[in-house]
Amino acid sequence: MRIFFLMTLFAALFITGCDRESTTDSNASNQLAELKKTHKTLPDFSVYTDVNAKKDAFFNYLLPLIEQVNYEIAQERQYILSAQARYPKLTNTDQEKLQALGKKYSIEEAEGKLLMTQLLHQVRPVPTSLILAQAANESAWGTSRFAVQGNNLFGQWCFRKGCGLVPQGRGEGQIHEVAKFATPLHSVRSYVRNLNSHWSYVDLRQLREDEIDSNGYATGHHLAAGLIRYSERGEEYIEEIRSMIRFNQLERFDIPPSAQATE
């Protein structure tokens, strides 16, 4: 019931792309705080011999983490909207917070209204289906070396010696490592921030905005087209992610209750 309640709340308030101010249910905040305390280490998904049981366990484990991260993003978005409504009467604290958000989302040389406009373009939740499919793909359903030893579910790299795990097939002269995270939640948070900030995913963010403007919500199947730079396999990788979304019927997690009622 807790997961259903939170998913319903987020879909209704945030995933629809509605930019009006909303009052957040304090009960949801409390429940999310409790969720943040859990899931410190990745479960041993290798114990499952039944494929469907493993998939269910993997998805059920990740859903609360995704909800937590998308809730955090939605809260940031609501603050930006609030600041935009109060502009130009912003406090020093507002200015500092907006600049900090600009830095977090790699927005350079922008301030005031321009900064807030760009932030609103980038600071949006990522469709649950896309996160689930990529996590399953990149981590071999939570059983890869990088997932088990580094809580890294998305194959993200880092470039400082000792920042992660050295890939066994790393070429001569290469310095990248596969990042290690304190918890799986940190991995999800870093991945979503990457999609929302890195130049490689400009197209993905535009696809998201266009789909929200058109349909009221974004889907992982549609946004997968923006992952052309996520993998060296390019279009083949995109189709693989889309196939995982279709086969596992993951888009059911993207559709808000209001849209489901009309189908």
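The values are calculated or read from the model by the stated rules, or taken from the named source; none is laboratory data. Predicted, not measured: the structure shown is a model, and the values here were computed from it. Note that each Cβ is placed from the backbone with ideal geometry, even for glycine, and that neighbours are counted across all protein chains shown.
Yes/no matrix, rows are residues, columns are (1) closer than 18 Å to A74 by Cα; (2) free of Cβ contacts under 8 Å to residues at least 40 places away in the same chain:
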| residue | (1), (2) |
| --- | --- |
| G164 | no, yes |
| H198 | no, no |
| R205 | yes, no |
| E209 | yes, no |
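Identify all residues within the range 41-70 that are of a type in the set (S, T, Y), more than 19 Å from the chain's Cα centre (by Cα) and within 19 Å of E251 (Cα to Cα); write none if there are none.
Answer for the range 41-70, where residues must be of a type in the set (S, T, Y), more than 19 Å from the chain's Cα centre (by Cα) and within 19 Å of E251 (Cα to Cα): there is none.
Here is a check on your reading of the model: is V69 in contact with a Leu (Cβ under 7 Å, 6 or more places away or on another chain) and β-branched (V, I, T)? Lay out the reasoning, then the answer.
Details: in contact with a Leu (Cβ under 7 Å, 6 or more places away or on another chain): no; β-branched (V, I, T): yes.
No.
Have a look at V148, V202 and point out the one that is of a type in the set (V, I, T) and under 25 Å from D44 (Cβ atoms). Lay out the reasoning, then the answer.
Working: V202 fails: under 25 Å from D44 (Cβ atoms).
Answer to the check: V148.
List every residue pair whose Cβ atoms sit under 8 Å apart, with the two residues 6 or more apart in sequence or on different chains, where the first one lies in the range 103-116 and is exposed (fewer than 15 other Cβ atoms within 10 Å of the Cβ) and the second, anywhere, is part of a loop (DSSP other than H, G, I, E, B).
S106/H198; G112/Y87; G112/P88; K113/Y87
Counting only residues that are part of a helix (DSSP H, G or I) and either touching a residue at least 24 places away in the same chain (Cβ under 8 Å) or touching a Cys at 6+ places or on another chain (Cβ under 8 Å) (or both), which one in the range 223-236 is nearest to E72 (Cα to Cα)?
We begin by selecting, within the range 223-236, every residue part of a helix (DSSP H, G or I); these are 223-227, 235-236.
Now restrict to residues that are either touching a residue at least 24 places away in the same chain (Cβ under 8 Å) or touching a Cys at 6+ places or on another chain (Cβ under 8 Å) (or both): 223-224, 226-227.
Numbers: L223: 21, A224: 22, G226: 23, L227: 23 Å.
Ranking the candidates gives L223 first.
So which residues in the range 242-254 are more than 14 Å from W141 (Cβ to Cβ) and either without any contact (Cβ under 8 Å) to a residue 40 or more places away in the chain or part of a helix (DSSP H, G or I) (or both)? Steps first, answer last, please.
Looking only at the range 242-254, we keep the residues that are more than 14 Å from W141 (Cβ to Cβ), and these are 242-243, 245-246, 249, 251-254.
Listed by number, the residues that qualify are R242, S243, I245, R246, Q249, E251, R252, F253.
Consider only pairs whose beta carbons are under 8 Å apart and that are at least six residues apart or on different chains; among these, list those whose first residue lies in the range 29-55 and is over 17 Å from L185 (Cα atoms) and at pLDDT 55 or above and whose second residue is among the basic types (K, R) and surrounded by 15 or more Cβ atoms within 10 Å (Cβ to Cβ).
As it stands, the answer is Y48/K54, since those pairs meet every condition given.
For the range 222-241, how many residues meet the condition of being surrounded by fewer than 20 Cβ atoms within 10 Å (Cβ to Cβ) and either of a type in the set (F, W, Y) or out of contact with any Gly (no Cβ under 8 Å at 6 or more places or on another chain) (or both)? Spell out the reasoning first.
The initial filter retains those residues of the range 222-241 that are surrounded by fewer than 20 Cβ atoms within 10 Å (Cβ to Cβ), namely 225, 228-229, 231-240.
With the extra rule that they be either of a type in the set (F, W, Y) or out of contact with any Gly (no Cβ under 8 Å at 6 or more places or on another chain) (or both), the set shrinks to 225, 229, 231-240.
Of the residues in the range 222-241, 12 are surrounded by fewer than 20 Cβ atoms within 10 Å (Cβ to Cβ) and either of a type in the set (F, W, Y) or out of contact with any Gly (no Cβ under 8 Å at 6 or more places or on another chain) (or both).
Restricting attention to the range 119-178, report how many residues are farther than 30 Å from E108 by Cβ, hydrophobic (A, V, I, L, M, F, W, C) and surrounded by 14 or more Cβ atoms within 10 Å (Cβ to Cβ).
9
T219 - would you say it is under 14 Å from the mean Cα position of the chain (by Cα) and among the polar types (S, T, N, Q)?
Details: under 14 Å from the mean Cα position of the chain (by Cα): yes; among the polar types (S, T, N, Q): yes.
Yes, satisfied.
I want to confirm something. Restricting to the range 194-203 and keeping residues that are closer than 14 Å to F154 by Cβ and part of a helix (DSSP H, G or I), which single residue is farthest from the chain's Cα centre (by Cα)? Full working, then the answer.
From the range 194-203, those closer than 14 Å to F154 by Cβ are 194-196, 198, 200-201; that's our starting set.
Keeping just the survivors that are part of a helix (DSSP H, G or I) gives 194-196, 200-201.
Values: N194: 8, L195: 7, N196: 8, S200: 15, Y201: 13 Å.
Checking each candidate, the answer is S200.
Among (1) on the phi > 0 side of the Ramachandran plot; (2) without any contact (Cβ under 8 Å) to a residue 60 or more places away in the chain; (3) not hydroxyl-bearing (S, T, Y), which single condition is G216 missing?
Among (1) on the phi > 0 side of the Ramachandran plot; (2) without any contact (Cβ under 8 Å) to a residue 60 or more places away in the chain; (3) not hydroxyl-bearing (S, T, Y), G216 violates only (2).
Could you figure out which of (1) over 14 Å from P127 (Cα atoms); (2) surrounded by 22 or more Cβ atoms within 10 Å (Cβ to Cβ) isn't true of S200?
Every condition holds for S200 apart from (2).
Any idea how many residues of the range 156-177 are over 17 Å from the mean Cα position of the chain (by Cα) and either within 26 Å of R124 (Cα to Cα) or at pLDDT below 75 (or both)?
Counting residues in the range 156-177 that are over 17 Å from the mean Cα position of the chain (by Cα) and either within 26 Å of R124 (Cα to Cα) or at pLDDT below 75 (or both) gives 8.
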